[in-house]
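Read-outs throughout are calculated quantities, based only on the coordinates presented, and are distinct from any laboratory measurement. Quick caveat, the model's predicted, so the values are computed rather than measured. Glycine also receives a Cβ, built like all others from the backbone with ideal geometry; neighbour counts cover every protein chain displayed.
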């Protein structure tokens, strides 16, 4: 099982990402992306990921994507927030904590209207794999991010 220090070290060292998305609901979220991660540490125990890259939906033109996430240490857990409205108005996503099987899991799922977001995170060598699941009346998506210190990012 990866300790919080190991996971935090992988987060701090992230420079590239790849992700794949699959929709069982036919919403158009099938595809893959690659990008770069610029990591800043605005305070002890806080990392901000500025992500930028290209998303290639299946059967359509590729497009640019941008995301900003904030990871914060909370004792033996890690909080993930989306900063789409800026750092003063974060969108809380999850607190992730290590489970008995060594996989980090959300402490409780994130509810957004009728949709339920859950996630797992695991260290895989020098990579960190974050797998999202979105379930709702019209959504059945799975997205897997792989963060690394090098790779096919921009």
Subtract the Cα-Cα distance of residue 22 and residue 124 from 0.36 nm times their separation in residues, and report this length gain in nm to one decimal.
-> 34.6 nm
Hey, could you pull the Cα Rg and Dmax for the chain, both in Å?
-> 15.0, 44
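Give me the number: length gained by fully extending residue 135 to residue 103, i.e. 0.36 nm times residue separation minus the C-alpha to C-alpha distance, one decimal in nm.
Going from the current span to full extension adds 9.5 nm.
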Nearest-0.05 FRET efficiency for residue 85 and residue 113, computed from C-beta distance (R0 25 Å) | 0.90
Per DSSP H run of at least 4 residues, take -39500 (n - 2.57); add these up for the chain, divide by its residues and hand me the 222 nm value, nearest 500 deg cm²/dmol.
-> -1500 deg cm²/dmol
Order of 92, 49 - criterion: other Cβ atoms within 10 Å of each residue's Cβ, fewest first | 92, 49
Can you work out D for region 41-107 in µm² s⁻¹ from Stokes-Einstein, where Rh is the Kirkwood radius over C-alpha pairs, the temperature is 20 °C and the viscosity is 1.002 mPa s?
-> 157
Describe numerically, in nm with one decimal, the distance between label points set 7 Å from Cα along Cα→Cβ at residue 54 and at residue 92.
-> 3.9
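Output the peptides 67-78, 51-62 sorted from most to least packed, where packing is the average of other Cβ atoms within 10 Å over each peptide's residues. Kindly include the intermediate steps, with their values, before the conclusion.
Details: 67-78: 16.4, 51-62: 14.3.
Order by mean packing, descending: 67-78, 51-62.
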